[in-house]
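The values are calculated or read from the model by the stated rules, or taken from the named source; none is laboratory data. None of the values given here were measured: they were computed from a predicted structure. Cβ atoms come from the backbone with ideal geometry, glycine included; neighbour counts cover every protein chain shown.
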């Protein structure tokens, strides 16, 4: 197995590209795919300030690393979700990564700031844990990006993630979600611009990227996600990808090229009547935004809009907690 | 396990309906689902003459049986595809079924009439066997239905078939096919009306239906289809159905309700410029229709439009061959 670029021994084969790469040219390949995604979908302009949603897993650390390598001005934001040891370890990975590279990591700790953690909060609010977690993350990433004046919020969603979400939305024909499952969502109505620079790269490639770059990431999947439908969809797509390499790529990019806009009207309608949540100021179509309702039902303190910003953390031997 | 209708011992559980049925009420359930499909999509009006595409497998024999039971005037059409013993046995099943019920079965034998069989014809024409076979079947079923003056052509496609085809078309975003993947295609431009009364019933249910009704069908899958993509899609969907009973139904019917019409324009465009094939008279957008090109490349005799009709077969101890 030889590198397609230099003919030296390869360390990875990428079947959908029908190509093998040595370590050096694999990193180059990853950077090339990120550049291609950023260019094709006009994700980030030169000089813009990016905020990366960082979980401590391979994807978020890889995208932060890749953007930094490519010369982008990118800070990180870590949310403490209170999922026991999983959260402790993931936070440590995020902080160690930032500290080693002198990067700025903001932090918001959910239990400390909003009085609930995902496992007990979800139970109290009678929501599935993944639903309460997704809602909390979306809200806080958006809020911090807007309040701290970032131009763009970056997430580490890779091709496997996007294909699996698209698969779920297609299986159920959730037409209101299909219209906005895009690699870039423009800034509007109080939402920041959101971009996914890893849509041309897979989970496996991101794991390999971290290994080659010496990035120490949290390998475990979230313990609360075990057995959720998303994983069933991923497995089904993996079986198909195995039989037809490139199937996921053509599913996702074919959707973007030939189907997404057919569902755009509904995504539009869904955003009509957005106004500011009276409690926290976030855009919502409801009386009170879903996050504030979750906070209330999850038994925590009401968020105070005047202090609802993330606190930059001075990275060093002792971590200043978010306050 | 008790029948949901009469509380007698059940013979089958249908997880997506969360219901079990005894033999009698299972047959009733199958008839009810066919009636529902026919009514909902206005497939066949009372008094219309239907032609059922019959392969000798469970689905085509079951749909023929169900339509007859429900009082419809339905003849069968069997195509001899020349796939070795598979074709010999499937033809026997079709003929035996028709003979036992005094039903009329038309036959067209591909090797005899057009000088090629699927395995060698596909090779000669450099087409995948399933592609050459599908093309031949579509053409001949359509042609015979139109020429023999039937009001509607019936096929035995079940929910598993439709969901798997939809899945394949969605995975590749074959938008030109998505717009016409409907349980009813209206008669137009020289095509007969085509309907799929089994879309609310699964493969497993059709096998059970045949067993309960004592219908002796060909169990084997076509030997040429082994390993094709369609089967990969079926397996992936089966895994999902197992995890979420009803997933296939909501995938297919959700598509019909909320997505199909978004792709209708392309199906429309695809039919622009249809005219009669100079060789056989079938509607085509090309110089010569794809079937006549296949016949020519497959090394057989050119079809003669003046004789290109199916010959009704007097069913009895000796079978009059199609001529």
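Computed values, structure above
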| read-out | value |
| --- | --- |
| Tally of residues being over 15 Å from residue B:55 (Cβ atoms) and buried (at least 20 other Cβ atoms within 10 Å of the Cβ) across the stretch B:143-168 | 11 |
| Candidate set: the stretch A:81-97, residues that are touching a helix residue (DSSP H, G or I) at 6+ places or on another chain (Cβ under 8 Å) and either modelled with pLDDT of 95 or more or part of a helix (DSSP H, G or I) (or both); chosen: the one surrounded by the fewest Cβ atoms within 10 Å (Cβ to Cβ) | A:84 |
| Residues located in the stretch A:57-71, provided they are in contact with a strand residue (DSSP E or B) (Cβ under 7 Å, 6 or more places away or on another chain) and surrounded by fewer than 23 Cβ atoms within 10 Å (Cβ to Cβ) | A:67, A:68 |
| Leading residue by the ranking (surrounded by the fewest Cβ atoms within 10 Å (Cβ to Cβ)) among those in the stretch B:31-56 that are out of contact with any strand residue (DSSP E or B) (no Cβ under 9 Å at 6 or more places or on another chain) and in a helix (DSSP H, G or I) | B:39 |
| Which numbered condition residue B:113 fails, given (1) surrounded by 23 or more Cβ atoms within 10 Å (Cβ to Cβ); (2) touching a helix residue (DSSP H, G or I) at 6+ places or on another chain (Cβ under 8 Å) | (2) |
| Lone qualifier among A:234, A:196 - being under 24 Å from residue A:25 (Cα atoms) and in contact (Cβ under 8 Å) with a residue 40 or more places away in the chain | A:196 |
| Hey, residue B:132 in contact with a strand residue (DSSP E or B) (Cβ under 8 Å, 6 or more places away or on another chain), touching a residue at least 12 places away in the same chain (Cβ under 8 Å), away from chain A (no Cβ under 14 Å) and part of a helix (DSSP H, G or I) or not | no |
| Residue in the stretch A:139-160 that is free of Cβ contacts under 8 Å to residues at least 60 places away in the same chain and either within 14 Å of chain B (Cβ to nearest Cβ) or touching a helix residue (DSSP H, G or I) at 6+ places or on another chain (Cβ under 6 Å) (or both) present | no |
| Meets criteria (more than 13 Å from chain A (Cβ to nearest Cβ), buried (at least 17 other Cβ atoms within 10 Å of the Cβ), touching a residue at least 60 places away in the same chain (Cβ under 8 Å) and in contact with a helix residue (DSSP H, G or I) (Cβ under 9 Å, 6 or more places away or on another chain)) for residue B:222 | yes |
| Meets criteria (crowded, with 20+ Cβ neighbours inside 10 Å and either at pLDDT 95 or above or within 30 Å of residue A:253 (Cα to Cα) (or both)) for residue B:236 | yes |
| Any hit, the stretch A:21-29, residues being closer than 21 Å to residue A:192 by Cα and either out of contact with any strand residue (DSSP E or B) (no Cβ under 9 Å at 6 or more places or on another chain) or in contact (Cβ under 8 Å) with a residue 12 or more places away in the chain (or both) | no |
| Single unsatisfied condition, residue B:103 versus (1) in a helix (DSSP H, G or I); (2) touching a strand residue (DSSP E or B) at 6+ places or on another chain (Cβ under 7 Å) | (1) |
| Evaluation of residue A:247 against (1) within 14 Å of another protein chain (Cβ to nearest Cβ); (2) at pLDDT below 95 (one fails), failing number | (2) |
| Qualifying residues in the stretch B:208-219 (those that are in a helix (DSSP H, G or I) and under 18 Å from the mean Cα position of the chain (by Cα)) - the one nearest to the other protein chains (Cβ to nearest Cβ) | B:209 |
| Single residue of B:322, B:301, B:290, B:267 found to be crowded, with 16+ Cβ neighbours inside 10 Å, more than 14 Å from chain A (Cβ to nearest Cβ), modelled with pLDDT under 75 and touching a helix residue (DSSP H, G or I) at 6+ places or on another chain (Cβ under 7 Å) | B:322 |
| Near pairs, Cβ below 6 angstrom, 6+ apart or cross-chain, from the stretch A:173-189 (away from chain B (no Cβ under 14 Å)) to any residue that is modelled with pLDDT of 95 or more and part of a strand (DSSP E or B) | A:184/A:195; A:185/A:194; A:186/A:193; A:187/A:193 |
| Number of positions in the stretch B:233-243 that are more than 23 Å from the chain's Cα centre (by Cα) and within 7 Å of chain A (Cβ to nearest Cβ) | 3 |
| Test result for residue A:205, assigned to a helix (DSSP H, G or I) and more than 10 Å from chain B (Cβ to nearest Cβ) | yes |
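Each row is one residue, and each column tells you yes or no for (1) at pLDDT 95 or above; (2) assigned to a loop (DSSP other than H, G, I, E, B); (3) touching a strand residue (DSSP E or B) at 6+ places or on another chain (Cβ under 8 Å).
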| residue | (1), (2), (3) |
| --- | --- |
| A:75 | yes, no, yes |
| A:78 | yes, no, yes |
| A:119 | no, no, no |
| A:123 | no, no, no |
| A:169 | yes, no, no |
